[in-house]
Amino acid sequence: MIALVVNGTRHDVDVPADKPLLWVLREDLNIVGPKFGCGVAACGACTVHVDGQAVRSCSLPVGEAAGKAVTTIEGLGNGRLHAVQRAWIEEQVPQCGYCQPGFIMATAALLRDKPRPTDADIDEALTNICRCGTYSAVRRAVHRAAAIIGGAS
Amino acid sequence: MKLSRRKAIIGGIVGAGFVGAGWWFAQEQDRLGHRGLFNIKPGQAGLNGWVKIGRDDSVVVAVPRSEMGQGVQTALAMLVAEEMDARWTQMRVEDPPDDPVYRNVTVLLDALPFSPEQHGALVDGAHWATDKVAGILGISMTGGSTSVRDAFVPMRLAGAVARALLLRAASRKAAIAVDELTVSEGEVRRRDGDSVARFGELVDFVGDLEPVPAPGLKNPADFRLLGKPLPRIDVLDKVQGAATFGIDVRQPGQLYAAIRNAPTFGGAAIAFDVKGALPKGIEKIVIVPGGIAAIGTSWWRANKFLDEGIAIKWQSGPAPTLDSKALWAEYQGLLETGSVALRRTLGIEAKPMQSQALDAVYRAPYLAHAAMEPANCTARADGQRIEIWMPNQAPTLVRKAAAQMAGVSTSDVTVHTTFLGGGFGRRFETDLVRQAVVCALAVPGRPVQVLWSREEDIRHDYYRPMALARWRAEFDMSGPAPRLTAVTKRQVGQSSSDAFTTRAFGLPASDQPEGNAVENPPYDFPFYRLEAVVTQGPVPVGFWRSVGHSHSTFFDESFIDEVAHALKKDPLAFRRELLAGKPRHLKVLETVAREAKWGTPLPAGSGRGIALRASFGSIVAQVAEVAVVGQSLRVERVTCAVDCGLVVNPQIVRMQMESGIIFGLSAALHGEITLSDGAVEQANFPDYEVVRLADSPVMAVHIVDSGAAEPGGVGEPGMPPIAPAVANAIFAATGKRLRNLPLRLA
């Protein structure tokens, strides 16, 4: 049994310790916001937070997340819309939307470290893939989210 | 198109067992459907086949098209909301049942092998025949940038008819004559403005009222919603991780299946050997069409098992030694010796006394779609019933493939179309349906979700065909300056539409090129000749965003640039000359040039390139600005002008242009599928790289108002010009002409 705390709720899961966190979330806990895109940590669609850090969950054995706080897109706003999600709506970022939970989680982690990111910071932090090409809207939304968070504090 | 070919299409399709209701749309009015058609639930009233209202004040619109990012749910709901005078915030969308009224006619008309400007009895005849066939066939599909074009009249009509019905219901409720009532903002009001009823309050007063023939549609000058950047209807779900994609389907008792497909094209799994007993969590191993499936309670476990726990005996496909180098050599040979499937000439060929020729050969490789959501399909077999959940672009074909595989009738198959994590043409295909149905039949009563790993997805795609073209320009050298007298193009490649119709409808190969690979460039050449050589081959090819335009535009627009330079003319000025008779094209060209500051100086090592393409009913021109440092290339800025006719939602138009640019840039800079030993060499994003945020150029999109009364497509037209615009910019920056995709400096 591996104990996980996901979005504030404790779960004990009976899975092999090498099962990636992504698949535990999707198959064992029915939390499907984090997406499968590549399986090799190359695309970022599976990004979640583990103890506040952005992690590509397709390549993190669940054993390494044991006892840590995992946050997925479903838990990001604690029942409300997180500033990053609001910025995403205001900038109308998503197209197909499949990769967006990963972008949003990566952005939320970035803004925690760098509340006023430069374009270079965004380039470096958001290496996720979007095949619809929402990148320019993503960039605008990151800056807008920074402004929302900055204005609120 | 010969008459025999036209007959072959009709005969073939009808012969393929598709004849259904004998339906076709004599008039758009026929596509309205009846009031009970659209899954009417308690608390709702159907107004016609496309619209229902709820007591909660919702207006629910039938969207029988797949939402894959292009904004179709938003655009189609806007068409209805406009004519109904509804509030945007009350609009909802829902997938309707499979019925002929919901099918897409435009997509088939666009697929015919004519250039759009061609007219005449033969072309009209073929259009008529196809229109009729589309109706008989009834194909519900999403592609070819057709959804809004196809729905523009019928869905507005549905909104207008719904509005008229609500006026009558309100008249009944309030005992006020219909002509004293009007509608605005989701309410029926007296003409003096007093509210009579919100839409939701009329649910119980619609009763047995029947829709009446169409009132007139609004004049575009009176539009309140169309043309406005309204927010997308799917955005809230998508930022919360709440949108259900195919991979997110969860049904009671659901199992998961991982797949290994045969390494070589057309191969199969013929036997397997499991080392010991099946491990915990793996329930069954099943040979499926094209490969083998491990079914279990965890996809991850099943996928790992296929790597580690099983030995599979494969049967090779028909071309186990195929490799890219040999294939290119074969195509090069076909340039000289291949038989010409289609020849087209425009203008009169002159033979100057003193002439000189410019030859250029261009290449474009196979490309995978690499949609973010890997290919998947969930199926359940329950007695005679088959239920499918799938992110797909053609539910009619999904249904047919499932029925065939299970040996049941199509009426026993239900298809649920989920959100698509990208489509790009890949999800027209039914290979996953066949695999999922075989898995489902092996575990009756239990749903099985078949999911391909990214590696399977890239190695077993239906690829954008590789293609080769030789352009030749001839110049009259007898005057003081060279003068262009003729251009000829010979193009070699597989036809993805031919391959598709063969697969999907069982038609014999026509050996005709796909229509949009052989569209004529818009330029007024003194003489133009096109020759297309169509190859067959073992590599499966299919529709890929912008289809034939994706490579033809690179060939055509690169060559126009070369001709301009050969004539010592500015590439913009030369295009302008050749477009003198085409005001819409010219306006797009002038707009992009102005906005990109064409002709103003750039730093050394930087350059601008321009390209233009009309595709899917729209005209797009782009200027790319590139910076070259040593062997490294950076696309700094892309300016885009688009005339897509009447604009439904400018925000979505802009995003689709940016989307096309990024998708096209990934192909232009990175995209290449190569073959070795009969198999694809690439497997995942590390070796099938795409553009990421850090490499994404600054983009500016300018919508050109042409005053057109009808919309053009936007999902694809933004893509074709970018590769040649970048190649032309590289030439401007370095003097180096890159004629092969992807564009590599070294």
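The values are calculated or read from the model by the stated rules, or taken from the named source; none is laboratory data. Since the model is a prediction, treat every value here as computed from it, not as a measurement. In this analysis, Cβ positions are derived from the backbone assuming ideal geometry, glycine residues included, and neighbour counts consider all displayed protein chains.
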**Request:** Only one of these is surrounded by 15 or more Cβ atoms within 10 Å (Cβ to Cβ), away from chain A (no Cβ under 12 Å) and in a strand (DSSP E or B): B:Ile287, B:Ile270. Name it.
**Result:** B:Ile287
**Criterion: within 11 Å of chain A (Cβ to nearest Cβ) and either more than 26 Å from A:Ala45 (Cβ to Cβ) or under 25 Å from the mean Cα position of the chain (by Cα) (or both) - qualifying residue of B:Gly712, B:Gly671, B:Gly718** = B:Gly718
**Fill in**
Those residues of the stretch B:79-100 that are in contact with a helix residue (DSSP H, G or I) (Cβ under 8 Å, 6 or more places away or on another chain) and within 14 Å of chain A (Cβ to nearest Cβ) come to a total of 1
**One residue from B:Asn684, B:Asn728 being farther than 24 Å from B:Pro521 by Cβ, assigned by TED's automatic domain parsing to the domain that holds B:Val629 and in contact with a helix residue (DSSP H, G or I) (Cβ under 9 Å, 6 or more places away or on another chain)** = B:Asn684
**Request:** Could you please let me know if B:Val701 is touching a residue at least 24 places away in the same chain (Cβ under 8 Å), β-branched (Val, Ile, Thr) and outside any helix (DSSP H, G or I)?
**Result:** yes
**Asked** How many of the residues making up the stretch B:484-522 are part of a loop (DSSP other than H, G, I, E, B), crowded, with 23+ Cβ neighbours inside 10 Å and hydroxyl-bearing (Ser, Thr, Tyr)?
**Response** 1
**Message:** Please determine whether any residue of the stretch B:239-259 is buried (at least 20 other Cβ atoms within 10 Å of the Cβ), away from chain A (no Cβ under 14 Å), among the small types (Gly, Ala, Ser) and assigned to a loop (DSSP other than H, G, I, E, B).
**Reply:** no
**Complete:** Of the residues in the stretch B:34-60 that are of a type in the set (Val, Ile, Thr) and touching a residue at least 24 places away in the same chain (Cβ under 8 Å), the one that is farthest from B:Leu76 (Cα to Cα) is B:Ile53
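Any chance the stretch B:411-423 includes a residue that's more than 14 Å from chain A (Cβ to nearest Cβ), surrounded by fewer than 22 Cβ atoms within 10 Å (Cβ to Cβ) and part of a helix (DSSP H, G or I)? Write out each step before concluding.
Narrowing the stretch B:411-423 to residues more than 14 Å from chain A (Cβ to nearest Cβ): B:411-416.
Filter once more, so that each one left must be surrounded by fewer than 22 Cβ atoms within 10 Å (Cβ to Cβ): B:411-412, B:414, B:416.
From what is left, the residues that are part of a helix (DSSP H, G or I) are B:411-412.
Yes, the conditions are met somewhere in the stretch B:411-423.
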**Request:** Among residues belonging to the stretch A:72-99 that are without any contact (Cβ under 8 Å) to a residue 60 or more places away in the chain and outside any loop (DSSP other than H, G, I, E, B), point out the one that is farthest from the other protein chains (Cβ to nearest Cβ).
**Result:** A:Glu90
**Request:** Please work out which residue is surrounded by the most Cβ atoms within 10 Å (Cβ to Cβ), limiting yourself to the stretch A:22-40 and to residues that are in a loop (DSSP other than H, G, I, E, B) and more than 8 Å from chain B (Cβ to nearest Cβ).
**Result:** A:Ile31
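A quick yes/no check of all residues on (1) buried (at least 23 other Cβ atoms within 10 Å of the Cβ); (2) assigned by TED's automatic domain parsing to the domain that holds B:Pro650; (3) of a type in the set (S, T, N, Q); (4) assigned to a loop (DSSP other than H, G, I, E, B):
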residue	(1), (2), (3), (4)
B:Leu226	no, no, no, yes
B:Pro229	no, no, no, yes
B:Ala293	yes, no, no, no
B:Trp300	yes, no, no, no
B:Lys304	no, no, no, no
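Among the residues of the stretch A:48-71, is there at least one that is more than 30 Å from A:Ile2 (Cβ to Cβ), within 11 Å of chain B (Cβ to nearest Cβ) and either among the aromatic types (Phe, Trp, Tyr) or surrounded by 24 or more Cβ atoms within 10 Å (Cβ to Cβ) (or both)? Outline the logic, then answer.
First, pick out the residues of the stretch A:48-71 that are more than 30 Å from A:Ile2 (Cβ to Cβ): none.
So far as the stretch A:48-71 goes, no, none of its residues is more than 30 Å from A:Ile2 (Cβ to Cβ), within 11 Å of chain B (Cβ to nearest Cβ) and either among the aromatic types (Phe, Trp, Tyr) or surrounded by 24 or more Cβ atoms within 10 Å (Cβ to Cβ) (or both).
With the condition being within 14 Å of chain A (Cβ to nearest Cβ), I'd like the strands (runs of 3 or more DSSP E) fully within the stretch B:348-406 carrying at least 1 qualifying residues.
Correct list: B:376-382, B:385-390.
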